[in-house]
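Written out below as structure tokens is the structure these notes cover.
Bear in mind that the values in this text are calculations on the coordinates, not laboratory data. Just so it is clear, the model here is predicted, and its values are computed rather than measured. No Cβ is skipped: glycine too gets one built from the backbone with ideal geometry, and neighbour counts run over all protein chains shown.
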Amino acid sequence: MAKKLRRLYQLKIGLKGSKPPIWRRFLTVDTIRLDELHMLLQVVMGWTDSHLHQFTCRGTFYGGPDPEYDLMDMEVLDETKFRLNQLLKNEKESIGYEYDFGDGWDHKITLEKNLPFDSEQTIPVCVKAKGACPPEDVGGTWGYYDFLEALEDKNHPEHESYKEWIGGGFDPQAYDIEEVNDALIEFRRTFND
């Protein structure tokens, strides 16, 4: 039996409910394990991997082994045993990714292009992005927009406390793609071996 060759996936991850949209477009191999994809998404989006997460695909949940899942009456498959190409095969297919069950950051990951593997292509790599990642623990999408409103209005009762909490200013459009791609160097070493 012939060995199946790796493919290159162009993916787009978007934060659901964000207006203006917050999203990233990036390239990775189709054989990436879901636990590795989680870490890649943390870097690409700008999260800090401080909370639980899960992937969803056609009603099935995939996540890291955690005793709390047993209390939730839902079966969560071990993400270390599944690869992305087992969930996404065709262009325009998508899966869900939830980060921080308390804040409920829901993302949609779409396979935009399924390309032949190119050993000359640097992967993973972020190729395009829009919008800053919301701060951790801001309270989900609604909390994020309340936070932005308070920062913009010096007369808002929470203006000073939010400004102190965030450590000064916050630009909701800021995203440094070079900095993100520099952080992906460790992933490249892992994926290209």
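Quick rundown of the values:
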item: Helical mean residue ellipticity (222 nm; -39500 (n - 2.57) per DSSP H run of 4+; nearest 500) of the chain; result: -7500 deg cm²/dmol
item: Protection-proxy order for peptides 157-166, 23-32, 81-90, each taking the mean of Cβ atoms within 10 Å per residue, highest first; result: 23-32, 81-90, 157-166
item: 25 °C / 0.890 mPa s Stokes-Einstein diffusion coefficient of the range 33-127, Kirkwood radius on C-alpha pairs, µm²/s; result: 171 µm²/s
item: Vicinal HN-Hα couplings computed from phi for the range 14-23 (Karplus, 6.51 cos²θ - 1.76 cosθ + 1.60; Hz; Gly/Pro x); result: x, 7, 5, x, 7, 9, x, x, 10, 8
item: Value of Rg/Rh across the chain [Cα atoms, Kirkwood radius]; result: 1.00
item: Most mobile of Gly167, Gly14, Gly140 in a GNM of the chain (Cα contacts under 10 Å); result: Gly167
item: Segments 104-110, 118-124 sorted - mean Cβ within 10 Å per residue, highest first; result: 104-110, 118-124
item: Fraction of the pair-distance distribution of the range 148-193 above 15 Å, Cα-Cα pairs, percent; result: 59 percent
item: Rough spin-label spacing in nm, given labels placed 7 Å along Cα→Cβ, for Thr80 and Leu8; result: 3.1 nm
item: Charge dipole magnitude, Cβ of K and R +1, D and E -1 - the chain, Cα centre, debye nearest 20; result: 1460 debye
item: Phe117 paired with Glu91, simple spin-label distance in nm, labels 7 Å along Cα-to-beta-carbon; result: 2.1 nm
